[in-house]
Each structure stands twice: as C-alpha cells, then as structure tokens.
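See structure below.
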Amino acid sequence: MVNLWEHIPATFEKLTDFTADKPFQNRVLPCLLAKALELPLDAAKEAFPWLPLGSGLDLAYMGLIGLSVFGLLFVFKELLVHFGGGWLAYPLSFTILYPTWVNHFWLNILRYPSDVPSLFFFALGLLLLLRRRWVAYYVVFVFATLNRETSCFLTVAMLCLFWTRDNRREMLQHWVAQVLIWLSLKGILSMVFLGNPGSVIEWHNLLSNFRLFEWFWEGTQVNMFGKLGGNANWLFFSIGGLWLLVPFLWRGLPLQLRRLVWIIPLYALGYFLVTFVQEVRAWNEMVVLITLFVAVGLSDKLKLFMRGASRRQPAE
C-alpha cells in the first residue's frame, strides 16, 4: 500500500482533518480511528525512528488496513467452515489474500483507507447473517455503513439468503430497519460535510463508462493498464481472474451460497452508474463473494478427489 499514490482530493491528511472531497470524506470510520491513533503513533515514531512510513498518520491508516486483512482471513475461514469446507477451510482461507492483493495493489493505483476494511465488514456481516446473530450483525452494519456506502449489499445478501414465503414479514422488518439506518447515517454525514468540495455521488463516472465502451467498440487503444497489455485485459485479471472459475465450480456449491449470486448483477449495475469501471479496487464486496464461490467449489472438488483416491487404494 505504501507504493500506491494518495488521491489528491482525499489524502490521509485531508481525510483526518475532515476537509477531503465528498464522497471520500463521508466514509468517516477510518478517519475517526486514525485521528484517535495519530498522536500515540507520532510518539512511537519519535521513540522508534526506524519504523517504516513517514508519519504516525501513515502508520495509523496502514495499521487499520493491515488489521482488516488479518480479520478478513479469519472470518473467511469461518465462512468456508459454514459452507462445508471442513478441515480444507484452513488452507483454502488463504485464497482470499490473492484477489485482495490483485485488486488493491497490483491493479490499483490509488489508496483509499475505506476499501480493504469494506471486505472485512462484508465478510463479517455475511457470517453473522448466516448464524442469525442479529444484534451483532446490526452493530457491524452500522460500522460498515460509516466505513463505506456499499454496506447496503449486506442487506441484499440478507434478502438473498432468507427471503421466503414463510418469513416475508420478518425480512421486510429487517429490510426497513437497515434502509432507515443506512439513509440516516448517510444523510447525517452528508449534512456534516455539506460544505466540502465534491459530490456525494460521482455521476460523471457514468459518462466516462459509456465513453470507454464506445472506444472499445471502435477498437480505440486504451492503455490504462499497460502492464496487462492495455484495453480490456484488466477485466480478465480483476479479482485475480478467479471469476472465470465460477461456472466450472458452480454445481458443487450449496444452494444457500448460490442464492448470493443475485448480488452480482445489482452490484455491477451500481458500479457502472457511479464508479469508473476500470477502478477494480472498487469491486470490494465482490472480492469476498467470488473468492467464496471459488474456495467452496474447490473444497468440494478436492473432497471428491480424495474420496475417489481412497477407494482406489488396494485393501491391506
């Protein structure tokens, strides 16, 4: 992350003194945590000048990102256990590190402190949903919303998992509660940072996306990711290319996990409307979901292979 550029409208300093552009400043959770940690980490820098990075503020933001990665690793293992990974959940949990590295470092050029934590919050919220730990889920939902507006896809995940004819009323109540929480928090943050430059929704990205696909259609070379050969190759390498494996592993996925596939078209639509499509770092929650599909599918294939291998062994 140290090798990535700071976004000029949302540098670490601007975020921490609450002068960064919208919508980046509205993602306030990392900013509040970094502000609380800045002074003690500045003191640590003075006491241990050999520590990496340039300031206590750098250490604070990078530390929060690092803790999010470790938390994501442990929560992802629990998700794999829930979906029948068994002992394979432990080695396969490390697969989440690969697409996280690809999307948030290799194919990324800008560092945003809310991006990697959003993976952790989505994975944790999903785990709490599956365990029906509603009180803990709502706490996580609030923190996830203060971190990034894509927390709304936890609500979509809830409906995908639990919406049936028998519990429509319960799900409707949860949906209303989460929509009210989401709108209230985002409304309050919008009012608090009303005077900041920028806009809450970056609609100009929609025009950029149409223009980009027009260039592709015309065969115009768009060399935004030169190390991948330019043009649309970034699409194949996003999420580490794991999405290409999903159709081959689909039959081995449990029905409960398959239901979450409905998140993908809704996420893609929202992504196209408000985000520049070549910013693969913005596919945050999709990193967790696609990797979960692949890891659970691989665990099923490996268990079938090991059963077959054990049957072929001659009896002693």
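Rule-based calculations on the coordinates, nothing more; no lab input. Just so we're clear, the structure is a prediction, and the values are computed from it rather than from any experiment. Virtual Cβ from ideal backbone geometry, glycine too; neighbours counted across all protein chains shown.
Which distance in Å, rounded to a whole number, links the C-alpha centroids of region 63-92 and region 279-300?
Each part's Cα centre sits 12 Å from the other's.
For labels at Phe48 and Tyr138 in the simple 7 Å Cα→Cβ model, what's the distance in nm?
The answer from the label model is 4.0 nm.
Run the numbers for Phe305 and Val81: contour at 0.36 nm per residue of separation, minus the present Cα-Cα distance, in nm.
Details: separation 224, 0.36 × 224 = 80.64 nm, distance 1.88 nm.
Roughly 78.8 nm would be gained on extension.
Calculate one ³J(HN,Hα) per residue across region 170-183 by plugging θ = phi - 60° into the Karplus curve 6.51 cos²θ - 1.76 cosθ + 1.60, and present them in order as whole Hz with x for glycine and proline.
4, 5, 5, 5, 5, 4, 4, 4, 6, 4, 5, 4, 4, 5
Mean-square fluctuation check for the chain, GNM, Cα pairs under 10 Å: which of Leu146, Leu159, Leu194 is largest?
Leu194
Give a quick list of chymotrypsin sites (Phe, Trp or Tyr not before Pro) in region 3-74 that DSSP marks as loop, anything other than H, G, I, E or B, with at most 14 other Cβ atoms within 10 Å. Could you put the intermediate results ahead of the total?
On the way: sites: Trp5, Phe12, Phe18, Phe24, Trp50, Tyr61, Phe70, Phe74; in loops: Phe18, Trp50.
Of the chymotrypsin sites (Phe, Trp or Tyr not before Pro), the ones in loops of region 3-74 whose Cβ has at most 14 other Cβ atoms within 10 Å are Phe18, Trp50.
Just to confirm the filter: which trypsin sites (Lys or Arg not before Pro) across region 1-103 are DSSP coil and have at most 12 other Cβ within 10 angstrom of their Cβ? The partial results should precede the final answer.
On the way: sites: Lys14, Arg27, Lys35, Lys45, Lys77; in loops: Arg27.
Those that pass, being in a loop and sparsely packed, number zero.
What fraction, in whole percent, of alpha-carbon pairs in the chain exceed 38 Å separation?
Within the chain, distances greater than 38 Å cover 18 percent of Cα pairs.
In whole Å, how far is the Cα centre of region 145-186 from that of region 241-277?
19 Å
Per DSSP H run of at least 4 residues, take -39500 (n - 2.57); add these up for the chain, divide by its residues and hand me the 222 nm value, nearest 500 deg cm²/dmol. Intermediate values should be presented prior to the final figure.
On the way: 15 runs with 195 residues, N = 316.
Per the formula, -19500 deg cm²/dmol.
Mean shadow of region 35-142, computed from the convex hull of its alpha carbons, in nm²? Please report the intermediate quantities before stating the final value.
Details: hull surface 34.1 nm².
Averaging across all directions leaves 8.5 nm² for the Cα convex hull.
Which one, Ala136, Ala36, Ala47, has the greatest fluctuation when you compute a Gaussian network model over the chain with C-alpha springs under 10 angstrom?
Looking only at Ala136, Ala36, Ala47, the biggest GNM fluctuation is shown by Ala47.
Please grab the % of Cα pairs in region 112-174 that end up more than 17 Å from each other. Could the numbers behind the result be given before it?
Details: 719 of 1953 pairs.
The share of Cα pairs beyond 17 Å in region 112-174 comes to 37 percent.
Pairing the Cα long axis of helix 204-218 with the longest principal axis of the chain, what angle in degrees results, from 0 to 90 and rounded to the nearest 10?
Compared with the principal axis, the helix lies near 60 degrees.
Could you pull out every residue, at least 5 positions away or on a different chain, whose amide H is within less than 5 Å of the one on Gly198? Hs are placed 1.01 Å off N in the peptide plane, and Pro or chain starts have none.
Those lying under 5 Å, H to H, from Gly198 are Lys22.
Only loop residues by DSSP count here, and only those with at most 16 other Cβ atoms within 10 Å; note down the trypsin sites (Lys or Arg not before Pro) in region 122-202 that meet that. Could you put the intermediate results ahead of the total?
Working: sites: Arg131, Arg132, Arg133, Arg148, Arg165, Arg168, Arg169, Lys186; in loops: Arg131, Arg132, Arg133, Arg148, Arg165.
Here the sparse-neighbourhood loop sites are Arg131, Arg132, Arg133, Arg165.
Of the candidates Leu128, Leu269, Leu249, which one comes out as most mobile in a Gaussian network treatment of the chain with C-alpha springs shorter than 10 Å?
In the Gaussian network model the winner is Leu269.
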